[in-house]
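Since the structure comes first, as structure tokens, the remarks are kept for the end.
The values are calculated or read from the model by the stated rules, or taken from the named source; none is laboratory data. Everything numeric in this text was worked out from a predicted model, so none of it was measured. All Cβ positions, even for glycine, are placed from backbone atoms using ideal geometry, and neighbour counts span all protein chains on display.
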Amino acid sequence: MTTLDNTDSARAPAETDYESGFSIRTMIGAVFVGLVMMPGTIYLSLVAGSGLGPAAQWVTIILFTEIARRSFTTLKRQEVYILYYMAAALATTGGPFGGMIFNQYLAQSPQAIGFGIADQLPEWIVPSRFSEGIVGRNLLHADWRIPILLTALLWTVGRVTSLTMGYALFRVTADIEKLSFPLAPIAAEGATALAETTGKKESWRWNVFSVGAAIGLVFGGVYIGIPGFTGVLLSKPLQIIPIPFVDLTQTTEHVLPAALAGVSVDLGAFIVGMLLPFAMVAGTFVAAVTSAFVANPILQRNGFLPHWKPGMSLIPTKIAVDFDFWMSVGIGASLCVALIGVYKILQTFLRKREPSERGLFEPPPGRGDIRLHWCILLYIVASVGYILLCRKLLRQDQFPMFMLVAYALIITPAISYISARMIGLTGSPVAFPFLREGTIILSGYRGVDIWYAPLPLADHGLSAQMFRELTLTRTKFSSLVKIELFMLPIALVCSFLFWAFFWNIESIPSATYPFTAKMWPLTATYQCLFMTATSGGNNWLLEAIKAKYVLGGVGLGFGLLGATTLAGATPLFFYGMIGGLGAIPNAAIPMFLGALVGRRFFERKYGIETWRRYTPVLAAGYACGVGLIGMLAVAFAMVAKSVSSLPF
């Protein structure tokens, strides 16, 4: 790697040099992703349980940058970032209609039939299990009309609420609180590096990006490529490196009962550890390792983990210890973070601003900001639509109206802000486990339809980081609105066509789609267990949430805050510990090792400031390399499947 030159460390761009990223090239990119990348991610999710991930984004960008170079034109980094964003939005989820395919399985699954759920599923979600639309595996059947229209409507309104709430959260966390969003530079620096190649002015960014891509190609070839290719040729895929982690729980249970003994060998976690703030990574490592290897055995020996049994592997152990202890403690710790966040934001709003500072309703010029009051109005209108739709769809008028209003105006903004604040500080959101399920059960509503009602409850915190990425790439916010409007019909049409195609050629789940054959029955079991809580079954979720442990989690959170303050540690160490409480340490271990290597070796070799500029570009290149290997594996699998189905 080369060191930074003097010209590259020049002044930051002026506030007004934002440019639009929406162009004919990004429009063509949206069509390309919908027609080429989306079927790949759907197929991979059915076979292996994961989409293309970074592959869709970086492969799309590389393809278009290479076309631009050979056409003697250039791509602006704003265009490159919009391509990145659009590929993530279209190809990493497979669009909105995947849920309908799972619902058709649930309607005829042994679990739903055994629990008495199958005949109670609302017809506005899935037709009857005896319908020709399910028996004939035909999404074009008339019985699917209402579920299709409702899915399309809810997905569209969901995009609106996510963007409007995300923008409001960005204004608070980034513009007012000045949070750093440590993972945002990955996409920004990767887009800048690839944009530079089309302008024939390659700088240190391209060199670092290339190094990361080479590392990703080598590691991805072993980690993903070998299992992907051998899974097509052999009856069982060959794994050189265990995916997703090495499970040592049963090996260590005699010494450390109920310990979450899992270690990931994913090099990506190691590289992310170099990127994130060291204090945050260290806090996560300390909390995860302590709770997994020290606290859990002590809790088990003292009878606090009655659902754990010897012989359990890592995932069942995690479920058991969460049910008995860590779920409640985690809720309490999240409440502690919420209270701290409210206090901090009140401090921010009440303090006297300098004359040069802008208020919440005064965005910087030139960014293409949408007026905040319009965003708030759009969110309120969408939320009212959710509430009216719930009142129309539910068979009974038992679900309290005040809870729907509280979801939309209090709970969703609150959890979204807390999550956005944690992302801004640490790069990771904070989870609120079983919030939706718990409130549904506590409402006293009777019936299965409530589990599918469009309740206005969601966490939009991650959208705030996307606006931060826009500022780092100097992309006008209006570009985002334009590309969203353009790709909306593409996402709906392509998602419907490809999900209908894969379901029509083979039953889902089936041996053709091994991930679904293994995991969908388990998912169906959990869903049926939840739904029995409002249809005559046991309220086992209420047994898992223990008030004394929740209060203990609040106290533990404030205790950790006091201890870190007295020790002189940064707040990031505290937030890292909150994120690591009760977590499986499989990712925390390689992340901490990466943070140590970056801090002790690379920072000394290249200098702190230079290394901090290298790491996001290196991480982006690594994601690109691994993504390319993933694309090759998917292409090979799809070609092999097509050839094997030929009659000659």
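Laid out as a table, the results:
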item	result
Residue 613 being in contact with a Phe, Trp or Tyr (Cβ under 9 Å, 6 or more places away or on another chain), among the basic types (Lys, Arg) and at pLDDT below 85	yes
Qualifying residue in segment 237-254 (condition: at pLDDT below 85, more than 30 Å from residue 301 (Cβ to Cβ), buried (at least 20 other Cβ atoms within 10 Å of the Cβ) and within 22 Å of the chain's Cα centre (by Cα))	no
Filter pass, residue 551 being in the same structural domain as residue 438 (by TED's automatic domain parsing), modelled with pLDDT of 80 or more, under 27 Å from residue 407 (Cα atoms) and not in a helix (DSSP H, G or I)	no
Selection within segment 575-609 - over 20 Å from the mean Cα position of the chain (by Cα) and small (Gly, Ala, Ser)	594, 595, 598, 607
One residue from 490, 545, 589 being farther than 24 Å from residue 109 by Cα, modelled with pLDDT of 85 or more, in contact with a Ser or Thr (Cβ under 9 Å, 6 or more places away or on another chain) and among the β-branched types (Val, Ile, Thr)	589
Any hit, segment 272-285, residues being surrounded by 22 or more Cβ atoms within 10 Å (Cβ to Cβ), of a type in the set (Ser, Thr, Tyr) and closer than 21 Å to residue 599 by Cβ	yes
Some residue of segment 142-163 being assigned by TED's automatic domain parsing to the domain that holds residue 487, more than 28 Å from residue 389 (Cα to Cα) and either part of a helix (DSSP H, G or I) or free of Cβ contacts under 8 Å to residues at least 40 places away in the same chain (or both)	no
